[in-house]
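Below you'll find the structure, written out as C-alpha cells, and then a few comments.
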C-alpha cells in the first residue's frame, strides 16, 4: 500500500477519534433501522398469523347475496398454491320430532378451519377438547343451549330440513365466532356435503357463502391481485385487518413501529451529521499540509470520497450483521408469549431501508463538510484561520431538511407523520437558535458566581460554538426519545383502557323479564359482577319517512333491512360512542331515536327523518334526533338503534342483555348457568379478548424493546458527540490541573457545565417532543392533546444527570493520568 | 493544468515580488498586513526574513510559496506568475519545486518517520520513494528510527524528519517557518547546521522566517519586516556566509 493511501487509509482512520465516532454512529444507525425494520416485519407477520384464527383462515371471501362463490376462483387459488375451504351459513328450523327451534347453521367442509381451533365436548358434561376439524358428513354438533332446549344427547337424531343427522358432539367455541350480538339463534354445525339433502336452500332463502383461503403471503398476494378485478360488490374479500375486532389495534401497533423506525433514522442522521462535521474540522490541518506538498483539490476530494465509500460499506455491513441477531433476539422474546411462534426470517427487502439510510446519511450529511475540506486554505499550516462557512451551514441545513423529508417519506409514506416530525425538528432548530443566542448573551454579561460555577459558565461561553452544536444534538436526541416515550405511554394507556384485564368476556342474551330476578340471584350467589341490563326489543326496520324502507333506502341490499334488529332503551349512550349529529335525548324525550353512523349512511337518512318499525304485531315510528359513531371493536354492548326511556318502544315486550367477566378457572359455572337457564344465550368472547390481549402484550413488549433500542441509540449518540470534543476538553483539564486546579473543582465544574447543557437541551427537546406528539396524536393514535407533566418536568433533569455523568466520564483520564503525560499524549 | 506554461523568460530570479500588499477583511474594517513589498531572490540564494511576532513575516512566506494570493501586486515563483494560476495549478507547482519546514514540524502523527518522508515523493509521482526516503533519513541521522511515529521522537528528531521530508522531492526552493522556534538552543543549532548543509549540497533556494538572529546571520540575504514594511539589511557577514 502506498503511503498516500495510508495517509487516510482505513486502519489510519480507525486511530482517529472522530472517525471512530462517525463509524459508530453509522453502525448504530444501520443496526437500529435494520433491526426495527426486520423485527417490525416479523411482528406484523406474527400478528397477522396469530389473528388469522379470527377468520379461520388468512383471508375470507364472503358473498353478500345467495350466489355461491364461483368454483373457478377456488381452482385458481389451489393453482396458486393456497389451501381453500368452503363454508355456508343459513338460518332454519330444526327439530327433535317433538320440538322445533330456529337455529343458525354453519356448514363446513373437511378443510375447516384452515387457521385456529374449535372447542368441542363429547357430551354436555364432558371436558372441553381442542380440535382442528368440523363434523363428518352425516353428523351434527349443537351448542350447549340447543342441546338442552331440545333435550338431546349425543347419538340422538336431529332433523334438519329434509334430512336427519346424528348428533355427535357439543360445539362450545368456533374460531371465527366473532362478536355478533345479533346472532341470537343457537349454533348448529354440520358438514357442507349434507346441505343439499336438507333442501332448505331455496331461491330467496337467506344464505351466505364464505370461502376460506390460507397460504404464504406471496401466494395470497398473487391470488389477491388475480381476484380483485373480478370482485363485484356482491363479494367481500376480508383480511384480519378488516375483521371487526383487530384492525385498529394492529394499525396502531404498526404506526408505532413506523414511528420508532423513523425516529431511529432521524437519530442516525443527526449522529452522522455531527460526527462527520467534527471529522472534517479535525482534518483541516492535514489537508492544509497536503496542499503545501502540492496535492490538488481534485485529488483531496478523491481521497476523502473513497474513504466515505469504504466507511459506508464497512459500517453498513457491520450494522446489518448486528441487526440480524438483534431482531432475532427481539423476535424470540415475543415468541415466548405466543402459542405458535412464527419462524424468524430475514430477507433483503427488510434491510434496504437501513442501507438507504446509510447511503443517504453518508452522502447528504457526511459528504458536504468533507467535500469542503478541499477549500481549506493552505495557509492553515502556519496558523489556524477562522472558517467562514456560515453560508455553507445554511446550505447544509436546507439540504438536511429536504433529505430528511425524502428519507422519512420513503420510509413511512405518511405525510402527517413526516410533517409532524419535520415540524418539530424545525421548531426545535428555531428555538435552539433563539435560546442559543439568549444563552450566549446571558453568559457574556453574567460570568458571575465563584468556584466551580464560575468555571462552568466560563467554559460554556468559551466553547460557545461547540456548546450550541452539542446542545442542538442533545435537544434533538431528547426530542426523539421523549416523543417515543410519550407516544408509547399514551398508546399503552389507550389499549389498557380499551381492554382492561377484567373486561367483560361473556354476554348473556335473551334474558326473559321473569328470569331477571333468578339471574340476579345466581350472580350474587357466585359473587360475579355484571354490567347493567340493556332491554332488547327485536324489531324490523320497515319504513323511512312513511315509505317502504327496502325501496327508498340508499343501499337497498343492506342486511339490516332484511333481519330483525336489536332495539334498546337507554337514557345515556356508551362511553366510547360519540354523537356526531343532532342532540342526545332531552330528559322527557318521547319521539326520538339515536342511530349508528354507518347504518344512517347506508339507509341515506339524517337527523329529522322518521323511521318506522314492526315489533311483533305493533308498528311504531320515531324521528332521528341523533347520529352516533360506535366503536364496534370495543367488545362492549353496542347498538345500532337506541330509544329514550319514555320513547316509542317503551313498554313493548323485551328481553335483556348483560355482560360480565368470568375468569378461566370459573368457566365451570357456565355449565351450571346454562343448565339452570336453558333459554338464555351465552356468548363467550373470552377467547377473542384473550387473543387481543395476547397481541397487545406482544406489541407492548415490542414497543418497549424498540423504545429501549432507541434510548440506547440516543445515549450512544450523546456519547459520540461528547467524545468528539473530548481531546480538546482533556487538554484544558490537564492545563487546569497543571496550573493548580484541584480535582474536585475540575470535576464539579465539568459536571456542572454538562448538566447545564443537558438541562437546557432537555427543556427544548421535551417541548419539541410535545409538538411532535401533539401532531401525531390526532392522526395516528387518536388521542387528545394534553401536557405530559411528568415527562416534561423530569426530562430536563434526567438529561442533565446523563450529561453530567458523560462529562465526568470524559474527564477520567485527566484525573487519573499525570497532566504532563496527558498533554504529551494529546499533542 | 498548465504549470508548464511559459515562465517569464526575462527572469533569473527564483522569487520576484513587485508592489505586494496584503490585507485581511475584518468585517467592517480591513487590516493591512503587508505594504508595498518588493523583493527578489536569486536561484540558489538563501534569505532570512526577520521580524517580531505579528510583523507579517509568516504571511509573506505563505504568499511567496503561493499558499495564498496577495491583495495587490505580483509574485513570480520560478518564473510563474502566482496570481495567474488556479489553486490546483499552484498546488502542482509546489509538488515538485517547493519544500516546507514548519515551526511545529507538522508531521502526520499516524505515519512513521519514513512514511512521512515518502509522502511528498509519492504525491509528486516520483519513483523509488522508499529508498530515497531511507537515504534522506540516514542523512539527517535517523537511520535507526525510521519506523518510529512522531510521538515516539523528540522535538529535534521530529524536525529532522521534517527536514528530510522537505528535501524529499529535490525542491528548487525551500520555505522554512521558524524551523528552530520550538527547539532548545543546542538542538536548534544542530538543526540549523543540517538545514544549511543540505541547502548548500542540493543548491536549493532557501527562504526562512525567523526571529533567531544567529540563524538569520547564516543566510546570504537578510530582510527585516516591521509593521508590514520590508527592507533589506546589508549584512557584513554576507561575504563570510557566501564563501
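At-a-glance table
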read-out: Test: residue in the stretch A:30-44 that is in contact with a strand residue (DSSP E or B) (Cβ under 9 Å, 6 or more places away or on another chain), touching a residue at least 24 places away in the same chain (Cβ under 8 Å) and more than 23 Å from residue A:222 (Cα to Cα); value: no
read-out: Subset of the stretch A:288-297 that is surrounded by fewer than 24 Cβ atoms within 10 Å (Cβ to Cβ) and touching a residue at least 60 places away in the same chain (Cβ under 8 Å) - its residue that is nearest to residue A:362 (Cα to Cα); value: A:297
read-out: Options B:95, B:30, B:53; residue that is within 12 Å of chain A (Cβ to nearest Cβ) and not in a helix (DSSP H, G or I); value: B:53
read-out: Counted residues, the stretch A:141-178 - those being touching a strand residue (DSSP E or B) at 6+ places or on another chain (Cβ under 9 Å) and not in a strand (DSSP E or B); value: 17
read-out: Scope the stretch A:162-186; condition crowded, with 20+ Cβ neighbours inside 10 Å and at pLDDT 85 or above; matching residues; value: A:165, A:167, A:169, A:170, A:171
read-out: Failed item, numbered, when residue A:655 is tested on (1) closer than 30 Å to residue A:810 by Cβ; (2) surrounded by 16 or more Cβ atoms within 10 Å (Cβ to Cβ); value: (1)
read-out: Cβ-Cβ under 6 Å pairs, at least 6 apart or on other chains, the stretch B:99-111 side within 8 Å of another protein chain (Cβ to nearest Cβ), far side assigned to a loop (DSSP other than H, G, I, E, B) and modelled with pLDDT under 85; value: B:110/A:15
read-out: Members of the stretch B:69-98 that are without any contact (Cβ under 8 Å) to a residue 12 or more places away in the chain and crowded, with 23+ Cβ neighbours inside 10 Å; value: B:91
read-out: Selection within the stretch A:617-637 - part of a loop (DSSP other than H, G, I, E, B) and touching a strand residue (DSSP E or B) at 6+ places or on another chain (Cβ under 8 Å); value: A:630, A:636, A:637
read-out: Filter result for the condition that a residue is more than 30 Å from residue A:676 (Cβ to Cβ) and out of contact with any strand residue (DSSP E or B) (no Cβ under 8 Å at 6 or more places or on another chain), over A:517, A:571; value: A:571
read-out: Options B:117, B:75: the member that is more than 7 Å from chain A (Cβ to nearest Cβ), modelled with pLDDT of 90 or more, closer than 15 Å to residue A:294 by Cα and outside any loop (DSSP other than H, G, I, E, B); value: B:117
read-out: Residue check for residue A:557: exposed (fewer than 14 other Cβ atoms within 10 Å of the Cβ), within 36 Å of the chain's Cα centre (by Cα), at pLDDT below 90 and more than 19 Å from residue A:649 (Cα to Cα); value: yes
read-out: Test for residue A:660: is it in contact with a helix residue (DSSP H, G or I) (Cβ under 9 Å, 6 or more places away or on another chain) and in contact (Cβ under 8 Å) with a residue 12 or more places away in the chain; value: yes
read-out: Subset of the stretch B:163-191 [surrounded by fewer than 20 Cβ atoms within 10 Å (Cβ to Cβ) and more than 14 Å from chain A (Cβ to nearest Cβ)]; value: B:184, B:185, B:186, B:187, B:189, B:190
read-out: Lone qualifier among A:78, A:105 - being in contact with a strand residue (DSSP E or B) (Cβ under 7 Å, 6 or more places away or on another chain) and surrounded by fewer than 17 Cβ atoms within 10 Å (Cβ to Cβ); value: A:78
read-out: Candidate set from the stretch B:120-137 (those that are within 11 Å of chain A (Cβ to nearest Cβ) and not in a helix (DSSP H, G or I)); member that is surrounded by the most Cβ atoms within 10 Å (Cβ to Cβ); value: B:124
read-out: Residue in the stretch A:306-313 that is part of a loop (DSSP other than H, G, I, E, B), touching a residue at least 24 places away in the same chain (Cβ under 8 Å) and within 14 Å of chain B (Cβ to nearest Cβ) present; value: no
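The values are calculated or read from the model by the stated rules, or taken from the named source; none is laboratory data. Please read these numbers as outputs of a predicted model, since none were measured by experiment. All Cβ positions, glycine included, derive from the backbone under ideal geometry; neighbour counts span all protein chains shown.
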